[in-house]
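Following: one structure in C-alpha cells, then a few remarks.
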Amino acid sequence: MAHIPTSTGSPSWRASVLTLFPEMFPGPLSVSLVGTALEAGLWSLALHQIRDFGIGRHRAVDDTPAGGGAGMVMRADVLAATIDRARETDGDLPLLYMSPRGTPLTQDRVRELSHGPGAMILAGRFEGVDERLIEARGVTEVSIGDYVLSGGEIAAMVLIDACVRLIPGVLGAEESLTHESFENGLLEYPQYTKPRDWEGLSTPEVLMSGDHKKIAEWRRAEAERLTRARRPDLWSARGKNR
Ligand code: SAM
C-alpha cells in the first residue's frame, strides 16, 4: 500500500483506491486546487496494489469468464483480499466500483460523498469483476457516463476530483459553488471577462450596468434558457422536484 504524503496529521476526507496501476496516481489530482488541498492535508490518498494479493508465482488477478467468451474477469477472491486489507488501514468507507453498469454519478451523489468520510474505490480492468464480489462485499457500482473506458482509474480520478473540490476550504470563494451547474438543478449561465469587445463580439450590456438585481435576473433567465435547450431531462426533473 502507498500513501501519498500530506502535510498535516488527520485529513478530513479519505480516498482509498484499489488498482492494478497505482503509478497513475495522483496524476492529475496533484495539480491546481485539488493538488494543493492534498498537500495541505485536506484530503488523503491511499493506494492499494491489487496484484499484491494475486494468486501463485505470477500473482494472477484474473481468469477466463465462466461460460466462455472473450477477455478476462477479475477474481473475487483476489479483490476481496485487497478490500479486506485496505479496510484494516483505511477504515470503513463507502465501497464503490467504477463500472459502466453503475448508477450514473451526479452532483447530488458527489455532494453526499463529499460530506462523508471519503470513499474506497475499486478500479476495474479487463471485462470487469466477478459478480460475487459485488454481492459479498456490498459494493456500489458507479458510472461516469454511457461509454466504456479501458480501466476504472480515470473514472476514480473523476469521482475524487468532483468530491474534493466540495470539501470546505478547497475552493477559495464559497461563492463560486453556489451558481455552478447542477447546484440548483440548472446549468450555469454564460460567463464573460475582459476585454469588453473581442473579435466583433461584445459582452452583454446588462453585465456592465452595475445593476445587481438586473444582472441576477439575466443570469437566471440565461441559466433556464440553456438548461431547457441543452438538458431537457434536467429541466423536467426540476419541474417535478418543485
Ligand atoms: N465489460 C465491461 C462492460 O461492458 O460493462 C467493461 C469493462 S471496461 C473495459 C474495464 C473497466 O473500466 C471496468 O471494470 C470499470 O472499472 C472501468 N470503466 C469503464 N467504463 C466506465 C464508466 N463509464 N464508468 C466507470 N468506470 C468505467
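The values are calculated or read from the model by the stated rules, or taken from the named source; none is laboratory data. Treat the numbers as computed from the prediction; the structure is a model and nothing was measured. Because the Cβ atoms are built from the backbone with ideal geometry, glycine has one as well, and the counts that use them run over all protein chains shown. We work out accessible area using only protein heavy atoms, side chains counted, and drop any ligands, DNA or RNA first. Shrake-Rupley method; radii C 1.70, N 1.55, O 1.52, S 1.80 Å.
Quick notes
- Picking from residues in region 116-135 that are within 14 Å of the ligand (Cβ to nearest atom) and open to solvent by 60 Å² or more (accessible area, probe 1.4 Å), the one that is farthest from Thr64 (Cα to Cα) is Glu131.
- Residue within region 158-175 that is modelled with pLDDT under 95, under 29 Å from Lys240 (Cα atoms) and open to solvent by 80 Å² or more (accessible area, probe 1.4 Å) present: yes
- Filtering region 82-115 to residues that are open to solvent by 20 Å² or more (accessible area, probe 1.4 Å), out of contact with any Gly (no Cβ under 9 Å at 6 or more places or on another chain) and more than 14 Å from the ligand (Cβ to nearest atom) leaves Asp84, Arg85, Arg87, Glu88, Thr89, Asp92, Gln107, Asp108, Arg111, Glu112, His115.
- If the condition is being assigned to a loop (DSSP other than H, G, I, E, B), in contact with a strand residue (DSSP E or B) (Cβ under 8 Å, 6 or more places away or on another chain) and surrounded by 15 or more Cβ atoms within 10 Å (Cβ to Cβ), then region 30-79 contributes Leu42, Gly54, Val61, Pro65, Met72, Arg75.
- Considering residues of region 177-212 that are in a helix (DSSP H, G or I) and either open to solvent by less than 60 Å² (accessible area, probe 1.4 Å) or in contact (Cβ under 8 Å) with a residue 60 or more places away in the chain (or both) only, the residue farthest from Phe25 (Cα to Cα): Val206
- Long-range neighbours under 6 Å by Cβ, at least six apart or interchain, first residue on the phi > 0 side of the Ramachandran plot within region 51-80, second within 14 Å of the ligand (Cβ to nearest atom): Gly71/Phe126; Gly71/Glu127
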